[in-house]
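Let me begin by presenting the structure, written as C-alpha cells, before commenting on it.
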Amino acid sequence: MNQLIHGKRLTEWLRMYPLLEKMISTEEVFWLNPNYTKFTNMVEKLPFDEGDMLEAEQRLKRFAPFIATVFPETKNLKGIIESPLIGIENMQEELAAMFKQSIQGKLLLKCDSHLPIAGSIKARGGIYEVLKHAEELALEHGLVSIEDDYSVFASDKFRTFFSQYSITVGSTGNLGLSIGIISAKLGFRVNVHMSADARQWKKELLRSNGVNVIEHNSDYSYAVEMGRKEAEKDPNNYFIDDENSPHLFMGYAVAAFRLKKQLEEKKIVVDKDHPLFVYLPCGVGGAPGGIAFGLKLLFQDDVHCFFAEPTHSPCMLLGMMTRLHDRVSVQDFGIDNKTEADGLAVGRPSKFVGKTMEKLVSGIYTINDHYLFILLKRMKDVEGISLEPSALAGVYGPAQLVAEGKPYMERHGLTMKNATHICWATGGSLVPKEEMEAYYQKAVNF
Ligand SMILES: *Cc1c(COP(=O)(O)O)cnc(C)c1O
C-alpha cells in the first residue's frame, strides 16, 4: 500500500498507532483507551443527564399497557421489556480452563438474547424510538394526552391513523427485526433496508409481519444510506438513523436503571472496592454506547465498560483510536468487514457514539470469529444457553481483561477479587433451531 490513507502513508499510520499492524492482519488486540477520563472531570460536558434517561424510562412506562396488550409474552413483566441477569458459574470455570487463567469475582450474563419481542438488544433502542415517534404523532393530532391509558394505541382507530405514515431503517438484521415488528403492530408502513449480512430467516420473519424488506448486496453503511435516501423523499416517512440517533441511544441507556435494580436485588455491591466490569459487543456503537453511557451516569468511576468487536470489523476501535470516527472505515485500511457475527458486521462507526463515549469507554478488544463459535458451543454445553455468534463477543471479555488488562487494573488501583463481570449477551432467542444447530456444529468441527 503506497497510496495515502486519509492523507498519510501507511508507515506513518503504523508509527502513530502501532496496534494498527495487528488490526490490519486481523489479529486480536486489546486496546486501553488513552483518553479515558475520571467521571467527575467530565460530567458537565456530557450531552445527556439522568433526567433525559428518566424521561425515556417514563415514556416506556406510559406504553407498558399497550405493549402488554399486543405482546402477550410481556404480560408477566406488565409490558416492560426487560431481560434476566443470571450467574454463569459453569461458564466462568470453563473460561478459566480454556484460557488457563484464574477469573476472580462473580460472572454474570445479561440475557438481552431473551428480551421479549425482538430477541436481541435492539428491543431496547429500536422499540423505544418507534414508540417515541408514535407518541409524538398521536399527541400532535390530539389523539391522546400523556395521562391516558396507552392501550388505546392497540385500537383500529390508531392503526388506521398510523397507516398514513411510514418508518424506514437500514440494518444488518436485528434492528430491522425490532423496528419492523413494533412498527407493524402500531400500523405503520415499514421499510427495512437490509445489508448482505442479514440472515434469510430475519428477512422472512419480517415479510411475514407485513414489512417491506429491501435487500442490498452490500454492507451495512450502504443499506443505511439507501434507507436515508428513500425516507428523504417523503415527509411522512420517518427515518431511524442507527448511525446518529440520540433517541435510540436513550432507549438503550434506560437499561442502566434496570440493571442497577437487578444488582440490588442480588445484593451485589458496586463501589471502589467492588468494581463492575461490563463487556458489550459493538457494531455501529449505538447499543453498547447507550448502555455504557447510562451505566457511567449511575455508577461513575466504579463501572468499567469494554466494547468487543470482531477482528474483521473493528470499526469503533479504529474510529476512536485515530479519532477520525465516521470519517474512517475498516476497508480504508484493507480490513474486509467480513464476519459471521452479523450483528457486528459494521465497517464505519457512529461519530455521535464515538465522540460521546471517547472518554467514557475503558477499552476495546477484538475477537476472532473462531472463538465466537467455540464460546457459543461451550455456553450451550455448560449453561444450556443458546446465543447468536455476535453475543459471544462479550463473553470473551473477562478472559481478555485478566490476560491483557493489568496496566488498567494497576492504574486505577483495582483488584479482581471483589469484582463483578457482566457479559452482555446481545441476541439469540429468535434464531431458528436449525440455524442454531448449524452454529453449534461449526464449533464441533473445529
Ligand atoms: C446490533 C447488535 C449489536 C451491537 O449494537 P450496535 O448498536 O450496532 O453497536 C450487538 N449484538 C447484536 C446481536 C446486535 O444485533
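Compared with the dominant Cα axis of the chain, that is its longest principal axis, helix 174-186 is turned about 20°.
Can you give the charge dipole size of the chain about its Cα centre, rounded to the nearest 20 debye, using +1 on the beta carbon of Lys and Arg and -1 on the beta carbon of Asp and Glu?
Numbers: 50 positive and 57 negative charges, 71 e Å.
Value, rounded to 20: 340 debye.
Axis angle, to the nearest 10 degrees, between helix 255-265 and the longest C-alpha principal axis of the chain: 70 degrees.
How large, in Å, is region 357-425 by the Kirkwood hydrodynamic radius built from its alpha-carbon pairs? Present the calculation step by step, with values, prior to reporting the outcome.
On the way: mean 1/r = 0.0744 Å⁻¹.
Evaluated over region 357-425, this radius sits at 13.4 Å.
For region 298-401, the square roots a ≥ b ≥ c of the C-alpha gyration tensor eigenvalues yield an a/c of 1.5 or more together with a/b not exceeding b/c, which makes the shape oblate.
Since only Leu4, Val29, Pro18 are under comparison, the one whose Cα sits farthest along the positive direction of the charge dipole of region 1-61, derived from C-beta charges on Lys, Arg, Asp and Glu, is Leu4.
The fewest-to-most ranking of Ser102, Ser218 by surrounding Cβ atoms within 10 Å reads Ser102, Ser218. Compute the angle between helix 433-444 and the longest alpha-carbon principal axis of the chain, please, reported from 0 to 90 degrees and rounded to the nearest 10. It works out to around 0 degrees. Put a plus charge on the Cβ of each Lys and Arg, a minus charge on the Cβ of each Asp and Glu, and nothing anywhere else: the dipole of region 275-433 about its Cα centre is then about 220 debye.
Could you compute the FRET efficiency for Ile214 and Leu4, with r as their C-beta to C-beta distance and R0 at 30 Å, rounded to 0.05?
0.30
Among DSSP bridges having both ends in the chain, what percentage is antiparallel? Round to the nearest 5.
On the way: 9 of 44 bridges.
Of the beta bridges lying entirely in the chain, close to 20 percent run antiparallel.
The relative contact order of region 122-245 comes to 26 percent, based on Cα pairs under 8 Å that sit 6 or more residues apart.
Taking a threshold of 27 Å on the Cα-Cα distance, which of the pairs Lys203/Lys359; Lys202/Lys442; Lys45/Lys338; Lys110/Lys359 fall above it?
Flagged as over cut-off: Lys203/Lys359; Lys45/Lys338.
When the charge dipole of region 122-245 is built from unit charges on Cβ atoms (+1 for Lys and Arg, -1 for Asp and Glu) and taken about the Cα centre, the candidate among Ile179, Val190, Leu205 whose Cα reaches farthest toward its positive end is Leu205. Restricting region 184-234 to trypsin sites (Lys or Arg not before Pro) that sit in a DSSP loop and have at most 12 other Cβ atoms within 10 Å of their own Cβ leaves Lys233.
Across the chain, the mean sequence separation of Cα contacts (distance under 8 Å, 6 or more residues apart), normalised by length, yields a relative contact order of 21 percent. Using the Cα gyration tensor of region 163-319, with a ≥ b ≥ c the square roots of its eigenvalues, what is the shape: rounded (a/c below 1.5), prolate (a/b larger than b/c) or oblate (neither)? The shape class here is prolate. Listed by chain and number, the aspartates and glutamates whose C-alpha is less than 16 Å from the C-alpha of Lys233, apart from same-chain residues fewer than 8 away, are Glu225, Asp241. Within straight-line reach of Lys417, meaning a Cα separation under 17 Å, sit the following lysines at least 8 residues removed in sequence or on another chain: Lys106, Lys267, Lys272, Lys406. With a simple spin-label model that places each label point 7 Å from the Cα along the Cα-to-Cβ direction, the separation between Lys266 and Asn41 comes to 3.1 nm. Placing unit charges on the Cβ atoms only, positive for Lys and Arg and negative for Asp and Glu, gives region 122-245 a dipole magnitude near 480 debye about its Cα centre.
Using the Cα gyration tensor of region 101-203, with a ≥ b ≥ c the square roots of its eigenvalues, what is the shape: rounded (a/c below 1.5), prolate (a/b larger than b/c) or oblate (neither)? Oblate, since a/c reaches 1.5 and b/c is not below a/b.
Every read-out reported here was derived from the displayed coordinates using simple, explicitly stated rules and does not represent laboratory data. Predicted, not measured: the structure shown is a model, and the values here were computed from it. Using ideal geometry, Cβ is built from the backbone for each residue, glycine included, and neighbour counts are taken over all protein chains shown.
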